[in-house]
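Comments concern the structure below.
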Amino acid sequence: MYAKISSPRVSKEDNMKAASLRERASVAPTLGERTRVLLFTNSVAVGGMEEHVELLARHLDRDRFEVFAVCPDWQPTKPFSRSLAEVADHFALITPDRRHGGWRQLKETIKLARQMRHWRIQVIHMHSTTFRGQYYAFLAARLAGARQIYVTEHLAPDQNIPGGERWHRDIFSRMVSGIVCVSQKNYQARKTYLYTPPERTIVVNNGVDPDDFPPIAAETLAQLRALHQLPDDAQIVGTAVRFEPEKGLNYLIDSMPQIKAACPKAYFLMVGDGSLRDQLSAQADQLGMADCICFVGFQSDPRPYLGLMDAFVLPVPVGSMSIGLLEAMAMRRAVVITFGGKGEAVIHGESGFCAEPRNADSIAEFVIQILQQPDLKSALGKAARQRIEAEFSAQQVARSLGALYSRSRQ
């Protein structure tokens, strides 16, 4: 998660003061003419979902919408909370989460309902990391009298779900006003394993703001190379993603010896963190890659690191419009993914390559093509940026969702 390059650094105290001022302003009667939209997340870590919500809060038309935001009070998501507080018109930390225990969860649900009633919320758009949860937020929205309740599940199921769990989720799907899928692939996966009514489901592709991704200064890139002891002529293959099992990073690690053998100047840059950090490092050591791989940890602003990469690889076996992918394409990187299909950002051979999922050899094949053919790398990067500008901008996302939210006034 990161702020725009031109944004000033804002302290926590300043955020709280601004939130207080916005809260007092909420009683102004003139604001009632706009649709009051609440963006709610169940975030426990910072990733693509959080970037999506922040961009949506930033780009919704303020002539038509008053934007409210609520996210949990967790230490790992403090950077997201601060960023979201800056771009929303009103903000609160409320955590109706089972990890607090049943009694605290109930108290936080009541708190959320009261806050929504105080704000006079008309539309709530719940953003869920997976296809689970949000039941208590839904209850709060109903208690508060919200007219429309939408949900986006940023990760759809990729296999059969146990009967009881599916039954509960199908009931939830019937009760919400609508379901928003972040890609056609996300929609197809959800439809396969969960009740997904076509008349109440809409696909709105994820997006990024192209203006947030100017070229990185040569001096900054040189400093990063020096910091991480990357040779000046190194060809950088990298990724930026959470280090979790579903991201397929073991296949990227497995591809490295083959890439290094074909392209001796290749070095590997791993941007992110997560539960698999130590396991992936050990895997690289076993493959003899320790001297040419850098684990740089989570970066609140990954853009300079993306700027270093000659090839960006997203080895997720079952992907769904990754924000990290869109950011790399906006940075004019040549990309290799392991998912694709209708509606996805990468058109194979035009705006990037689609390698076979769970196949290290296939990943290596396309990365090697990029590293060995500078003209191809440049052409793919240029086409990637054009694809983002034309089809996957945050502005376009805000317009599409704004049209959905406006239904609450009809």
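The values are calculated or read from the model by the stated rules, or taken from the named source; none is laboratory data. Owing to the predicted nature of the structure, the values given are computational and were not obtained by experimental measurement. Neighbour counts are summed over all protein chains in view; Cβ atoms, including those assigned to glycine, are modelled from backbone coordinates with ideal geometry.
Looking for whichever is in the same structural domain as Val37 (by TED's automatic domain parsing), more than 20 Å from His52 (Cβ to Cβ), touching a His at 6+ places or on another chain (Cβ under 9 Å) and surrounded by fewer than 19 Cβ atoms within 10 Å (Cβ to Cβ) here; the options are Lys111, Lys107. Which one fits?
Just one listed residue meets the conditions, Lys107.
Taking segment 187-227 as the search range and keeping residues that are among the aromatic types (Phe, Trp, Tyr) and outside any loop (DSSP other than H, G, I, E, B), which one is modelled with the lowest pLDDT?
Going through the qualifying residues, I end up with Tyr187.
Output the number of residues of segment 228-243 satisfying the condition of being among the aliphatic types (A, V, I, L, M), part of a loop (DSSP other than H, G, I, E, B) and in contact (Cβ under 8 Å) with a residue 60 or more places away in the chain.
Adding up the residues that qualify gives 2.
Output the number of residues of segment 268-308 satisfying the condition of being free of Cβ contacts under 8 Å to residues at least 40 places away in the same chain, closer than 12 Å to Gly238 by Cα and part of a loop (DSSP other than H, G, I, E, B).
Going through segment 268-308 one residue at a time, the tally reaches 1.
When the residues of segment 243-282 are filtered to those that are more than 24 Å from the chain's Cα centre (by Cα) and of a type in the set (Gly, Ala, Ser), which remaining residue is surrounded by the fewest Cβ atoms within 10 Å (Cβ to Cβ)?
Ala261
In segment 350-386, what residues are among the aliphatic types (A, V, I, L, M), surrounded by 15 or more Cβ atoms within 10 Å (Cβ to Cβ) and more than 18 Å from Cys263 (Cα to Cα)?
The answer is Ala355, Leu380, Ala383, Ala384.
Just checking, does segment 84-100 include any residue being among the hydroxyl-bearing types (Ser, Thr, Tyr) and in contact with a Pro (Cβ under 8 Å, 6 or more places away or on another chain)?
Yes, segment 84-100 contains at least one residue that is among the hydroxyl-bearing types (Ser, Thr, Tyr) and in contact with a Pro (Cβ under 8 Å, 6 or more places away or on another chain).
In segment 174-188, how many residues are surrounded by fewer than 21 Cβ atoms within 10 Å (Cβ to Cβ), among the charged types (D, E, K, R) and within 18 Å of Pro317 (Cβ to Cβ)?
The number of residues fulfilling the criteria is 0.
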